[in-house]
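The values are calculated or read from the model by the stated rules, or taken from the named source; none is laboratory data. Just so we're clear, the structure is a prediction, and the values are computed from it rather than from any experiment. Note that each Cβ is placed from the backbone with ideal geometry, even for glycine, and that neighbours are counted across all protein chains shown. Quick note on the areas: whole protein, heavy atoms, side chains included, nothing else; ligands and nucleic acids left out. Shrake-Rupley method; radii C 1.70, N 1.55, O 1.52, S 1.80 Å.
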Amino acid sequence: MLIKNIGYDFSVCKVSDYSQVDFDSEFFFIGRTEEEKSLVCMTEHVPDNVTERDDGWKAFRIEGVLDFSLIGILSKISALLAENEIGIFAISTYNTDYILTKKENYAKALEVLEHAGYDVIS
């Protein structure tokens, strides 16, 4: 399985609303519940109306379109990283999964995955 490095810095944020989100940005993820409006975006695109933010994240994706019948891909990766004391923030889209780790753990995370048999590409 291929792991693809995403070459941007990311921020995980709460926003008051989505009016300032750059919907033309290459990468952003939004989520809304009755309690909050969340945004994960490239750090350079963090809007002014954030109410909380956590900077310093890097991301990779599991390359290719993942069929919904595939089981355990995300859990295997998250378990490997947890065993190596690397926290994650996971995002799933229709096609694939994205995993973010803090910058200081990113290189180690990729090494762990490569050592476990994943092909890591830049």
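Values for this structure:
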{"quantity": "Those residues of the range 5-23 which are open to solvent by 40 Å² or more (accessible area, probe 1.4 Å) and either over 20 Å from Thr96 (Cα atoms) or touching a Cys at 6+ places or on another chain (Cβ under 7 Å) (or both), in sequence order", "calculated": "Lys14, Ser16, Asp17, Tyr18, Ser19, Gln20, Asp22"}
{"quantity": "All positions within the range 68-122 that are open to solvent by 70 Å² or more (accessible area, probe 1.4 Å), in contact (Cβ under 8 Å) with a residue 24 or more places away in the chain and assigned to a loop (DSSP other than H, G, I, E, B)", "calculated": "Asn95, Ser122"}
{"quantity": "Selection status of Asp48, in a strand (DSSP E or B) and open to solvent by 40 Å² or more (accessible area, probe 1.4 Å)", "calculated": "no"}
